[in-house]
Structure formats: structure tokens, C-alpha cells
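Q: Pasting a structure here, questions to come.
What follows is calculated from the coordinates using simple rules that are stated; it is not laboratory data. Only a predicted model underlies this, so the values are computations on that prediction, with no experimental measurement involved. Counting neighbours? That spans all protein chains shown, and the Cβs are built from the backbone with ideal geometry, glycine included.
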Amino acid sequence: MSSAASPERVCVYLLSDIDTKASAEERARVSRRFVADSVRRYCEQEGRAVSETAIQGLVVGTLTDGTPAFEYGTHGKPFFADPALKDLYFSLSHTREIEVCAVCRTAVGCDIEYPKFRHLEAARMVKIAKRFFAPDEFEKLLPDPAGTFFSIWTKKEAYVKWTGNGFAEGFSSFSVFDLPEGVVCEKRILTGVEDAECAVCYEWGF
């Protein structure tokens, strides 16, 4: 598991070689352990103490009182239920056999795509962008669809994960080139999967 961190302490951790044939239950178990490991590493990097009880709660999915370790927003955005972790936020994304987890001290969104797995032709990218991209995003796409589509798409996915609204946000209703003041959507390059397109969204200056 590798990571990338910015001075703003938004850390993105990578889990690779996931068994794509595993059951949904097993994938969920692997994801919970991955989130727990990511939180542990983040706290170590921050010089912050975190109890093993809190970590184990994430692994098994329940707190010591039997209640769920995760809470969910209206559109499914997950949050930590343990009071010891209430000031930490995370975002998960996966594509095929890799998964990423962003951890931060404020709301965060993360998305990853592997263009080589998508097999999208330029014409298809343009068609999708015409439906889901804002006008200025679409204009930036046209000169080089293959080179810009996933860069814009992952930032848009990261943004709606940051807001917690998901696809209910309306993808064409906002532009990643004209975000609210203080909101950042940026690309992250992860060691070992440099050809993947990964983006995080968070609020600057937290």
C-alpha cells in the first residue's frame, strides 16, 4: 500500500491486486480493512494517537456497543460513527483490481479511473462529455479527448463525492474549472499506478 500526501495533509492511499472474482461480502471486508489501515497510517503521519479499538471497529464494521462503525448521508456518503474519529473524513474509489482511500481532517472526495480498462474511443468520450460536462469543460476536451477526458471526469467525480450529493448533483451543472472559492480539485499521481487518473477534492485552508 502506497500513499501520496500534499502539504494540506490530504493523504491518498493505494491498495492494489484486489481479487476481482471475490464475493461482494469479501470485497466489503477488504475495503473496511483498507480504510482502517489508511486511518492508522494517516494518524501516524499526523503524529496523532488513535486507539486500536477505533481501528478494529472499522475492520469489523461495528463499534463496541454493536452499532455500525459507519454512518451514511442522504446520498450514501460514508462517515465514521466512532466519536474518536468524528474529526476525520475519508473517501473511497476503485477501478478493477485497485482501490484508493483519501483521508483528511475535512470533507474530501476521491476518484480513480484506469483509462486502459475503459476502451473508450474519442468519439464516445465526446458523446459522454456533451451530456455530462459543463460548456467550458466540453470546450477544453475537444482538442484532445483522449488526453483530457479522464482528467476532467475524475475531478467531477471527486467533487460530487466531496459534496456528498453524488450523481444527484447534476454533472453538467458545475465546472471543475469554476469551483466555489476555497474548493480544490486536483490530480494525484500514485506510485505504481502512474498511468491511472486519480483526483481529490477538498476545501483549501482547513
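Q: For the chain, with a Gaussian network of springs between Cα atoms less than 10 Å apart, report the residue from GLY170, GLY57, GLY66 with the top mean-square fluctuation.
A: GLY66
Q: Okay, moving on. With just the Cα atoms defining each centre, how far is the range 130-195 from the range 65-116? Give it in Å.
A: 19
Q: Given a Förster distance of 30 angstrom, what is the FRET efficiency for GLU71 paired with HIS119, based on the Cβ-Cβ distance and rounded to 0.05?
A: Given R0 = 30 Å and the Cβ-Cβ separation, E is 0.20.
Q: Taking the chain as the reference, fit the longest principal axis to its C-alpha atoms, fit the long axis of helix 24-46 to the helix C-alpha atoms, and give the angle between the two in degrees, 0 to 90, nearest 10.
A: For helix 24-46, the angle is close to 80 degrees.
Q: Next question. Cross-link partners among lysines for LYS130, C-alpha distance below 26 Å, same-chain residues fewer than 8 apart left out?
A: LYS116, LYS140, LYS155, LYS156, LYS161, LYS187
Q: Based on Cα coordinates alone, diagonalise the gyration tensor for the range 2-203, multiply each eigenvalue by 5, take square roots, and list the semi-axes in whole Å, largest first.
A: 30, 18, 16
Q: Would you please state which residues of the range 141-176 a label at PHE132 would reach in this model, taking the label point 7 Å out along Cα→Cβ and a backbone N cut-off of under 13 Å?
A: Residues 149-161, 166-173 qualify, since their backbone N sits under 13 Å from the label point.
Q: Something else: Restrict the search to the range 77-123; then list the GluC sites (Glu not before Pro) that DSSP places in a loop and that have at most 15 other Cβ atoms within 10 Å of their Cβ. Present the calculation step by step, with values, prior to reporting the outcome.
A: Working: sites: GLU97, GLU99, GLU113, GLU121; in loops: GLU97, GLU121.
Passing both the DSSP loop test and the Cβ count: GLU97, GLU121.
Q: Please state the relative contact order of the chain as a whole percent: Cα pairs under 8 Å, 6+ residues apart?
A: Numbers: 361 pairs, mean separation 42.6, N = 206.
21 percent.
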